[in-house]
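What follows is one structure encoded as structure tokens, with my remarks underneath.
Values in this text are rule-based calculations from the coordinates and carry no lab data. Not measured: the values here are computed from a predicted model. Counting neighbours? That spans all protein chains shown, and the Cβs are built from the backbone with ideal geometry, glycine included.
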């Protein structure tokens, strides 16, 4: 039979007395409800074995094996998106003090947060070494050596590495860390400012595609001047609206212009034989992308992972009544067939009760569960349960195509559900009072004339942060700036930020 | 035509007046001959763009894009070999002083080499943090939390991370570094000493398979007690004989027994309900594997890379006489066909002369070069040149299968050539004088009774290091120990080590 047949007879299955609709009794602790977001988040990271926070240094965490498998598939997408026109490289972690201290704005932005290595063995070092909080000052002295002529441009590199920030604020796993274990930073050099600015747009498009694949919707803003990257002309940021209404910055792209090139003397010979400064951009994503992925999709039962990144995409649970071996054999055949399609499938042949298995694999967000019992085998069908609860009976001969179809449907459902949820948390506001109320529960969209004074005053009076000029909002009619009343079509998001 | 046809008509091609047999004139600096190994090695790392040593901290280097692509494919093999029964994880870089200082032997082995973070921002830290020189002291406090019962065993994890050693000796790129950027360390816990010891053997077998895939032969020794890993019961090491006759340790596996378990209180409840210490092993490989790969196979023209790890596996060089477009079109078709087979192919359509292209891609070790000119097209053939110089004419319809066959042949040739070379550098010696002479040019194999006193005396008098009891030597007849004269069948290698 053609596995790509469209003729999959399926129907919504009513409960069949197996108890899989009722929460199974289990020794496992139940998650707090997602409505208690902070507790739910912390408990889920532990229960689903993503991140272990018990490492004995504040703000530094351990990736559990399952969490790291998720990280691998998520960062595999990043590599896939960057590899066609970027080179992956790796630069040293430690930056000598004199290089780190060259760019004045950059220092100001980071100096309070830098960890310093001062000793090797028992001897003090001649030159203090900074643990990179970000790698501009490690990479650009090398760009100076690598770039000679216009033929070397554009140069686009990235690395996936650990960075360090001595955070004095409250730390949070995956969100605010002292060791960011999974920083993907890209750095580019171009002949002109326009080309570098164009690269910023390319970066934002790649990140948009990345989050599309994670089924995570986001807001896109041009950060206000006082919140741009230290040393940048401007910064574009992506923010995800978290379940509690606060926003999480999950990606940034910065136009550096010639600011760093002047400091680090990165020049190229142009076609006329003259030395010119390069124009640069840089853009980054950290493990916050995984925090967003988890937080946006998960439910009271645990993770819900899109097919593309799920470490286990399908779990097969044998439903044993009577003779065990024929059922296990049918499950093994099913497993083999799915493996042939390179599907990441696990056959859970352990001795636990089916209910306990359902609980365990739901907690870990497995997109599709297949159940196979004696009645199914007799009828030549498999019971297919999607992680969002949709349940179908599928002829066993059609399972391979049905699984792929349901996986796609699930990702589409996750995205549209997340998008609806995000929209529901954003509201247009027309005065400071409305903005203050809205930012207690979500994101406010407000008219802002764009002046720094009005921006600061808005932040102070609303008690929330300006995300900056909205780049993805529908064109708004002219409205009065929330502070000065000047007519403007420009819109900013206001939110409490993680 | 069947691309898998065995009927590939091919013959060794004589020079056809294209000049590809003579060294092309080029603006590129020529490599020193490989017989000047140290100069050749350093110049090759730069010319082939593997590693940039110009980073402004001694012993810390930058991976060039090409070097990093090689690292990715090499470490891809490591992951492939470990993933079936190990979990990949990631633990923090920074280790609090009190954890680091718990295991006495371990401290003694590393305390002179540890970098210390003492400040965050401008404030001194309450607790000094060590940059991991290796991760036992970061991982085992977590193993204590992760392991509860016999059901949790065996536990096998690995991570690929950067480690730091404040080397006071002369540093060398990829070989002796202050930042080891690519340390793969695996850590396992087992119920019994025997199981942990068995895991050490499994690790050695995996490493052997890894080096087989790199076509790199090695020696296998049980390190003498004074050279084992600090805190281990014993250490097994793999050493590659470098072109200058010195050995490079390229992999180690350590039996830790319960030494760390006692210090870090890692226990499990056995089947009788009693608490037992776990038995542990750990094993590691660093970017030295790439140093060995480069050094063993390369020649006066540059790198020679085995097919499996070459970032570019095939380069197509159009030989333009007369009309350009039909030739380029034929090259593009060839490129497309090879890409369909997931071969990493580059069509070098640049304006450089063919000779300059040959030089460039030979330098980078591309296993197979395909040349296509008007005469080839007319005759329906392609000229195929293997990186070791073997040249053939292949019908264009057979190229896909011919490329795969030649790639396999090249790897086999590389391995057997390397094995012969290694054997030629090892000699049995029968007294201290012979040992001293042999270790100036290669490795000496000598009888050693196994006593510590004889071992130390042998090292002193020979002026070289004992690699320890040879585990891969043919069984030797009893011979007198080089020092005390006692009859023994045990054999040790003696060598100058990197």
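Data for the structure
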read-out	value
Estimated inter-spin distance, residue B:433 and residue B:83, nm [label 7 Å along Cα→Cβ]	5.8
Residues of segment B:40-69 with amide N under 17 Å of a point placed 7 Å along Cα→Cβ from residue A:126	B:54-60
Compactness relative to 2.2 N^0.38 Å, alpha carbon Rg of segment B:62-296	1.03
Segment B:261-323 versus segment A:346-374: alpha-carbon centroid distance in Å	35
Euclidean distance of C-alpha centroids, segment B:423-492 and segment A:421-487, integer Å	80
Projected-area average for segment A:426-495 over all orientations - Cα convex hull basis, square nanometres	3.8
Residue-averaged beta-carbon neighbours from other chains (10 angstrom radius) around B:52-58	6
Overall Cα dimensions of chain B - principal axes, largest extent first, Å	80, 56, 50
Difference of contour (0.36 nm per residue) and Cα-Cα distance, residue A:201 to residue A:274	23.5 nm
Ascending list, in nanometres, of distances separating the residue A:80 label from those of the other copies (7 Å, Cα toward Cβ)	1.9
Cβ-vector label at 7 Å, residue B:332, separations to other copies in nm	5.2
Point-to-point label distance, residue B:209-residue A:169, nm (Cα→Cβ direction, 7 Å offset)	4.7
Label distances, nm, residue B:42 versus same residue in remaining copies, Cβ-directed 7 Å point	5.4
Beta bridge orientation in segment B:62-296: antiparallel %, DSSP, nearest 5	95
Space enclosed by the convex hull of the alpha-carbon atoms of segment A:372-437, per residue, Å³	79
Radius ratio Rg over Rh of segment B:264-362, counting only Cα atoms, Kirkwood formula for Rh	1.39
Over 17 Å [Cα-Cα, segment B:36-187], rounded percent	70
FRET efficiency for residue B:323 and residue A:145, using Cβ-Cβ distance with R0 set to 51 Å, rounded to 0.05	0.80
Extension gain from residue B:405 to residue B:226, taking 0.36 nm per residue of separation minus the Cα-Cα distance	59.7 nm
In nm, spacing of pseudo-spin labels at residue B:46 and residue A:152 (7 Å Cα→C-beta vector)	1.5
Diffusion constant of the protein assembly as shown at 25 °C, which comes from Stokes-Einstein with the Kirkwood Cα-pair radius and 0.890 mPa s, µm²/s	78
Debye intensity ratio I(q)/I(0), log10, segment B:314-411, q values 0.15 Å⁻¹ (C-alpha model)	-0.52
At R0 = 41 Å, FRET efficiency that the Cβ-Cβ distance of residue A:379 and residue A:339 yields, to 0.05	0.95
Segment A:189-297 - Rg and Dmax from Cα coordinates, angstrom	16.3, 57
